[in-house]
Amino acid sequence: MAEAKVNEAKVHDLESGWHVDQAILYDQERVVVILFGNPNEIDVMVQTEMLRKIAPDVVNFATLYTCDISKVKDFNKMYELYDPCTLMFFWRNKHVMIDTGTGNNNKVNFLVRSKQELIDMIEVVYRGAKKGRGLVVAVNDYSTRHEY
């Protein structure tokens with residue numbers, strides 16, 4: 001069983017709305033993390049690479065995906081995907097919100113550059129979702145980290 005999960009330690013691309021739905025429905029034991037964005041944007045490239053780096057570390061509690069919002073437009077309005085780079089979390093077909101201190105609990109719409117911070121964020125979502133929480137609080141407060 002551990003070998004199967006090691007083989008799944010990668011970031012999967014979702015090519016249609018149906019694939020996004022299936023990804024959210026499929027995994028009942030791990031958090032589904034989807035990076036929505038245009039793969040030509042620099043932030044999306046950086047965040048995708050970060051997801052690839054952490055994939056082996058989170059394989060036991062998270063499944064990682066990317067979705068090109070310029071090709072798969074089904075969720076742009078529903079999830080308000082207006083930012084170049086957006087991370088969203090799902091658990092057993094339910095959206096899990098995360099309070100990062102930025103005021104937007106629905107998604108992470110900023111670049112998480114630290115490998116450990118991203119792992120911690122996903123782990124917090126996993127632990128909270130497993131306990132039935134629909135909103136979790138991030139380990140770090142990102143409210144003062146970005147200039148507006």
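The values are calculated or read from the model by the stated rules, or taken from the named source; none is laboratory data. Predicted model, so just to flag it, every value in this text is computed and none were measured. Every residue, glycine among them, receives a Cβ derived from its backbone with ideal geometry; neighbour counts consider all protein chains shown.
If you check Ser143, Ser114, Ser70, which single one turns out to be over 14 Å from the mean Cα position of the chain (by Cα) and closer than 19 Å to His12 by Cα? If you could, list the steps in order and put the result at the bottom.
Details: Ser143 fails: closer than 19 Å to His12 by Cα; Ser114 fails: closer than 19 Å to His12 by Cα.
Of Ser143, Ser114, Ser70, the one residue that is over 14 Å from the mean Cα position of the chain (by Cα) and closer than 19 Å to His12 by Cα is Ser70.
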Filter result for the condition that a residue is charged (D, E, K, R), part of a loop (DSSP other than H, G, I, E, B) and either modelled with pLDDT of 95 or more or surrounded by fewer than 16 Cβ atoms within 10 Å (Cβ to Cβ) (or both), over Lys73, Lys5: Lys73
Name the single residue, out of those in the stretch 108-148 being in contact (Cβ under 8 Å) with a residue 60 or more places away in the chain and assigned to a loop (DSSP other than H, G, I, E, B), that is surrounded by the fewest Cβ atoms within 10 Å (Cβ to Cβ). Arg113
Whether any residue in the stretch 37-59 is at pLDDT 95 or above, under 22 Å from Leu135 (Cβ atoms) and in a strand (DSSP E or B) is what I want to check. no
